[in-house]
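Inspection log for the structure reproduced underneath, given as structure tokens.
The values are calculated or read from the model by the stated rules, or taken from the named source; none is laboratory data. This one's a predicted model, so the numbers in the text were calculated from it and none came from an experiment. Note: ideal-geometry Cβ built from the backbone for every residue, glycine included; neighbour counts use all protein chains shown. Accessible surface areas use protein heavy atoms only, side chains included; no ligands, DNA or RNA. Shrake-Rupley method; radii C 1.70, N 1.55, O 1.52, S 1.80 Å.
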Amino acid sequence: YLGSTLAGNVQTAAQQVAEDKFVFDLPDYENINHVVVFMLGTIPFPEGMGGSVYFSYPDSNGMPVWQLLGFVTNGKPSAIFKISGLKSGEGSQHPFGAMNIVRTPSVAQIGISVELLDSLAQQTPVGSAAVSSVDSFTQFTQKMLDNFYNFASSFAVSQAQMTPSPSEMFIPANVVLKWYENFQRRLAQNPLFWKT
């Protein structure tokens, strides 16, 4: 139910490393300045829960260094983080230490840890990762995308459940998801792309 956008590419295939923890690989992370983490709108966090967002890059010995970027919640379903200045910083405490996470030494990762909202509020992200709030237009667009996708998905039926209706047109759900992800990606690259 989470996705991330990096270098214009949307990733929705997370590696689940525990019941409440997920990681996304960031190949070519040296050339990435910002990462957008967003909820797909299909499955919300459980009541009273959210996701802390961590960035991990390999140090000079190839060992992972984890830094807290911030969080996403049902009420704040997307966030933009600047990672370009974090690669030489110090690591922080993180929930991924004891896990055997499959990784390539030259690949960075984004980690999502599902935690209580009260815990998220007490965490201190790396200061340089904060990016100014998304403007109200972008927030509206995100909400509109989520609302449309949720609305369209609520009518989804399998082929076995469909009844013939010659006057109706049916659109595969994966087409709607592809449009949703493309729009999210383009919005992350340039909030005013629709003007061109």
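Using 0.36 nm times the number of residues separating A156 and D59, minus their current alpha carbon distance, what extension gain do you get?
Value of the extension gain: 30.4 nm.
Heavy atoms only, probe 1.4 Å: what % of the accessible area of segment 152-196 goes to carbon and sulfur, would you let me know?
That share works out to 59 percent.
Arranged from highest to lowest average of other beta-carbon atoms within 10 Å per residue, in what order do the peptides 77-84, 29-36 appear?
77-84, 29-36
Considering every Cα-Cα pair within segment 30-72, what fraction, in whole percent, is farther apart than 15 Å?
58 percent
Search the structure for amide H atoms under 5 Å from the amide H of M49, placed 1.01 Å from N in the peptide plane, and list their residues when 5 or more places away or on another chain.
L117
Where does each of 108-120, 174-186 land if you order them by average Cβ count within 10 Å, highest first?
Put in order of decreasing packing, that is 108-120, 174-186.
Explain nothing, just compute: Karplus ³J(HN,Hα) = 6.51 cos²θ - 1.76 cosθ + 1.60, θ = phi - 60°, for every residue of segment 47-56 in order, whole Hz, x for Gly and Pro.
For segment 47-56, the Karplus-derived couplings read 3, x, 10, x, x, 6, 10, 10, 10, 10 Hz, x marking Gly and Pro.
Ranking request for peptides 163-170, 66-73: highest mean number of other beta-carbon atoms within 10 Å first, then the rest in descending order.
66-73, 163-170
Show me, for segment 36-45, the HN-Hα J-couplings you get by feeding each phi into the Karplus relation (A = 6.51, B = -1.76, C = 1.60, θ = phi - 60°), rounded to Hz, glycine and proline as x.
Residue by residue, segment 36-45 yields 9, 10, 9, 8, 6, x, 8, 10, x, 5 Hz.
When Lys and Arg each count +1 and Asp and Glu each count -1, what net charge do the other residues less than 14 Å away from V114, Cβ to Cβ, add up to?
Overall, the nearby charge balance is -4.
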